[in-house]
Structures are given as structure tokens and as C-alpha cells.
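Asks: Sharing a structure here in C-alpha cells format.
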């Protein structure tokens, strides 16, 4: 029987190793991009000074603090469908996790969700201050694209450009950033279920979708297969978000690693609030089943992705 938890744990260990190597170290070098490759010039090495040290500390604190690592897992799994090298897949996965971590740092800020805890420990702004947290998020976002631009991600520059363009769009105003703004605005007005679904597809779904699509881009996959993975990820991502909202209602800080009950306190628009707990739970299960149907063209090769779709609606943290 396939051990999804073991597979997630393995990817998490490999990802942490990759991020540890890629991220700059305080007082050492501030540009260790692609340490998996040998350096061609000494221009890549620069010293960190006191100002940079604090930002680098905050970047490393947040990026290396654990988490479910679902987005990197999706990238590695989808890249494997097309025979992409593990090195290229993991480096791309690390860049996507840097972007995800930046979004969490900013999401926790007082101006946004105002959360004091993340992954069971103090949020970045509680540990380092708001200014350093903002800059750490900015640093992780920009560093991610520095990593993606390196030729070791893919020998074909056009593939790297497509990867950067697609990920930038998913993370930007027509993706995660736009969804976050909609989420903040939703605290002050009522929203219908269709509007909430669009909000969550942007805020959460687009980064799930691009995590899958990145593997297909690296493998120069046909458009049809790219689209199948995007559809799978959109449905799975919405199921994931509904489960997150259910955990905010039913979970505890000890189990989830973050403050619970804050959606209702803030008056946030969620499908749980609109549909109720039981209908929302059924909707998440339906979405997981729909997600799996999009994988038909991959036959048994995508069984891990099918198991993952079931996991996101049954998880307890």
C-alpha cells in the first residue's frame, strides 16, 4: 500500500536540504543560487552585512520552518510524469515554496490576517518585527525568480522563460495577489458562493495549479496534458481551501499550528460560512473526486496524485 505520509516526508526532507543550500547564509554569502552547480565566476559571491543579516535570518526562519510542502510535492510528482531530472524538479519546487512562504509571511501581518502563529511557532513579524518581515517576504519572492532563471533549472532558455512567466502570473494580480485582495475586501461585504469560489481559485488554486503545471513545462508536455494537470490542481486546491476553512472552525491551534476561529471573527467569506459545515465537507469530497477524473490521460502513473486528492480532504492539520 502506498504511504503518502512517508512520500510527503521524503520530499520535505529533500526540499529542506535544497532550500538550505540555495538560501543565503548570514555573514557568509548572499547569493548561493544553485549551489548544486559549480560556480563559473567569483562575481556570484557577495558578503552579507548587518542589514542583510536580519533579512536573511527572517527568510531562513520562515522558509525552513516546516509545513505540509504540498506545492513542492506536486511539482516533483508532475515533473516525474514527464521524465524531468530530479535536480531540476527539486530546484523549481524550492522556488515555488519560496513564493508560497513569502505569501504566508505577508498574510500573517497585522495589515492582513494579523496572525501571531504560523506552523506552530511565532509568525515572522512577531519574531523579527514588521519591517523585517515585509522585506523577508520581498526577498523570498525575488529570490525565487533568480533561482528559476538559472540555466541549471533547464538548458532551454525558452522553457525557463515560460516557467517564469507562468509562475509570475499565478502569483500576481490575476492569481494569488488578486485573490488575497478579494479576501480582504470580503471582510466588509457579503459574497455569494460563486464569488467565494473565484476568490479561492485565485488565492489558493492558482499556485496549486502552477505547481503542477511547472512539472509539465519542464518536461515540454503537450498543452492537453498541461491543461489536465491545471484542472486537477484547481479542483484539488479548492477542496484543500474548504478543508482549511473547516479546520478553522473545528480545529485547535495545537493541531493546526496556527490560530483558529479567526475567519468568523474577521467576518471572512468562506464556503463553510455560506454552505454550513456539512454541505461544505461534502463539496470538498466532490471536488476531490472531480480532481481525480482529470488524471485519466495519465493512467496509473498519476496514482500518487489521486491519493493526494483524497488526503487533502481528510487531513486534520
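The values are calculated or read from the model by the stated rules, or taken from the named source; none is laboratory data. Here the structure is a predicted model, which is why all the values come from computation and not from measurement. Cβ sites come from the backbone with ideal geometry, for glycine too, and all protein chains shown count toward neighbours.
Asks: Applying the selection to region 218-234, what residues are surrounded by fewer than 24 Cβ atoms within 10 Å (Cβ to Cβ) and either under 14 Å from residue 179 (Cβ atoms) or within 18 Å of the chain's Cα centre (by Cα) (or both)?
Replies: Selection gives 230, 231, 234.
Asks: For residues that are outside any helix (DSSP H, G or I) and at pLDDT 55 or above, scanning just region 3-41, find the one that is surrounded by the fewest Cβ atoms within 10 Å (Cβ to Cβ).
Replies: Looking at the filtered set, the residue picked out is 3.
Asks: Further question: Determine if region 190-207 includes at least one residue that is part of a helix (DSSP H, G or I), free of Cβ contacts under 8 Å to residues at least 24 places away in the same chain and over 26 Å from residue 150 (Cβ atoms).
Replies: Checked against the condition, which is being part of a helix (DSSP H, G or I), free of Cβ contacts under 8 Å to residues at least 24 places away in the same chain and over 26 Å from residue 150 (Cβ atoms), region 190-207 yields at least one hit.
Asks: Still on this structure: Is there a residue in region 244-257 that is closer than 30 Å to residue 162 by Cα, surrounded by 20 or more Cβ atoms within 10 Å (Cβ to Cβ), at pLDDT below 95 and within 15 Å of the chain's Cα centre (by Cα)?
Replies: For region 244-257, residues closer than 30 Å to residue 162 by Cα, surrounded by 20 or more Cβ atoms within 10 Å (Cβ to Cβ), at pLDDT below 95 and within 15 Å of the chain's Cα centre (by Cα): absent.
Asks: Also: Which residue out of 133, 94 is under 27 Å from residue 230 (Cβ atoms), buried (at least 23 other Cβ atoms within 10 Å of the Cβ) and touching a residue at least 12 places away in the same chain (Cβ under 8 Å)?
Replies: Going through 133, 94 in turn, the sole match is 94.
Asks: Out of (1) free of Cβ contacts under 8 Å to residues at least 24 places away in the same chain; (2) crowded, with 24+ Cβ neighbours inside 10 Å, what's the single condition that is false for residue 164?
Replies: Against the list (1) free of Cβ contacts under 8 Å to residues at least 24 places away in the same chain; (2) crowded, with 24+ Cβ neighbours inside 10 Å, residue 164 comes up short only on (2).
Asks: Within region 180-188, identify whether any single residue is in contact with a helix residue (DSSP H, G or I) (Cβ under 6 Å, 6 or more places away or on another chain), surrounded by fewer than 21 Cβ atoms within 10 Å (Cβ to Cβ) and more than 27 Å from residue 61 (Cα to Cα), and answer yes or no.
Replies: Yes - at least one qualifying residue is present in region 180-188.
Asks: Need the failing condition index for residue 115 against (1) surrounded by fewer than 21 Cβ atoms within 10 Å (Cβ to Cβ); (2) modelled with pLDDT of 95 or more, just the number.
Replies: Residue 115 satisfies all of (1) surrounded by fewer than 21 Cβ atoms within 10 Å (Cβ to Cβ); (2) modelled with pLDDT of 95 or more except (2).
Asks: So, restricting to helices (runs of 4 or more DSSP H) that lie completely within region 46-124, which ones have at least 1 residues that are at positive phi?
Replies: Helices (runs of 4 or more DSSP H) meeting the threshold: none at all.
Asks: Mind listing whichever residues of region 89-117 are under 14 Å from residue 60 (Cα atoms) and touching a helix residue (DSSP H, G or I) at 6+ places or on another chain (Cβ under 6 Å)?
Replies: 94, 95, 97, 98, 99, 100, 101, 102, 105
Asks: Within the set of pairs 6+ apart or on separate chains, which have a first residue in region 293-304 that is in contact (Cβ under 8 Å) with a residue 40 or more places away in the chain, a second that is outside any helix (DSSP H, G or I) and exposed (fewer than 13 other Cβ atoms within 10 Å of the Cβ), and C-beta atoms under 9 Å apart?
Replies: Here the result reads 303/2; 304/2, each pair linking region 293-304 to a residue that is outside any helix (DSSP H, G or I) and exposed (fewer than 13 other Cβ atoms within 10 Å of the Cβ).
Asks: Select from region 282-303 the residues that are under 15 Å from residue 81 (Cα atoms), surrounded by 17 or more Cβ atoms within 10 Å (Cβ to Cβ) and in contact with a helix residue (DSSP H, G or I) (Cβ under 6 Å, 6 or more places away or on another chain) and list them in ascending order.
Replies: 294, 295
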